[in-house]
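Working notes for the structure below.
The values are calculated or read from the model by the stated rules, or taken from the named source; none is laboratory data. Quick caveat, the model's predicted, so the values are computed rather than measured. Note that each Cβ is placed from the backbone with ideal geometry, even for glycine, and that neighbours are counted across all protein chains shown. What goes into the accessible areas is simple: the full protein's heavy atoms, side chains included, and nothing from ligands, DNA or RNA. Shrake-Rupley method; radii C 1.70, N 1.55, O 1.52, S 1.80 Å.
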Amino acid sequence: VEDMVTPDTCVCRTDEGRLVEGLRVSMLETVIPRGESDRVMVVQGEHRGKIGRILEREPGSSRALVQLERDVAGRVVPLDYDAICQYVGGGEDD
């Protein structure tokens, strides 16, 4: 996802680099990273737009425990898989 145009539509970039505009969020599938401590972006709910790291996965309930970055308290929040997606953007040191 490159940009959220409205709360329900976005612009996405394909693996080939092509931009696709006007996609509805309901048309997309969330990608949950598989590696340890992988970074995710919260895409729904109270913490929307925040970046965090997966600490633990709960596949039976389709949830993950995520520690939010740049959060003074270093909060760990349980989030549904649908509320997070893999984040491949720059890090805090970039």
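With θ set to phi - 60°, apply the Karplus curve 6.51 cos²θ - 1.76 cosθ + 1.60 along the stretch 56-69 and write out the HN-Hα couplings as whole Hz, x wherever there is a Gly or Pro.
Going residue by residue, I get 7, 9, 10, x, x, 10, 6, 9, 9, 8, 10, 8, 6, 7 Hz, with x marking Gly and Pro.
In debye, nearest 20, what is the charge dipole magnitude of the stretch 39-86 about its Cα centre with +1 on Lys and Arg Cβ and -1 on Asp and Glu Cβ, if you could check?
Roughly 160 debye for the stretch 39-86.
Could you provide, to the nearest whole Å², the per residue accessible area of the chain with probe 1.4 Å?
Accessible surface, normalised per residue, equals 70 Å².
I need the calculated FRET efficiency for the pair Asp3 and Asp38, taking r as the beta carbon distance and R₀ as 30 Å, to the nearest 0.05.
The formula returns an efficiency of 0.85 here.
Would you mind telling me the share, in percent, of accessible area of the stretch 1-82 contributed by carbon and sulfur at probe 1.4 angstrom?
Carbon with sulfur: 47 percent of the solvent-accessible area.
Treat every Asp and Glu Cβ in the chain as -1 and every Lys and Arg Cβ as +1, leave all other atoms uncharged, and give the resulting dipole magnitude about the Cα centre to the nearest 20 debye.
Magnitude of the dipole: close to 180 debye.
Cα convex hull of the stretch 1-47: mean projected area in nm², to one decimal?
4.2 nm²
For labels at Arg13 and Ser62 in the simple 7 Å Cα→Cβ model, what's the distance in nm?
For Arg13 paired with Ser62, the spin-label model returns 2.9 nm.
Rule-of-thumb check for the chain: C-alpha Rg over 2.2 N^0.38 Å?
Normalised Cα radius of gyration, the chain: 1.10.
Once Rh for the stretch 39-86 is found with the Kirkwood sum over Cα pairs, what is the Stokes-Einstein diffusion coefficient at 25 °C and 0.890 mPa s, in µm²/s?
237 µm²/s
Let me have the relative contact order for the stretch 39-86, percent, based on Cα pairs under 8 Å that are six or more residues apart.
The value is 37 percent.
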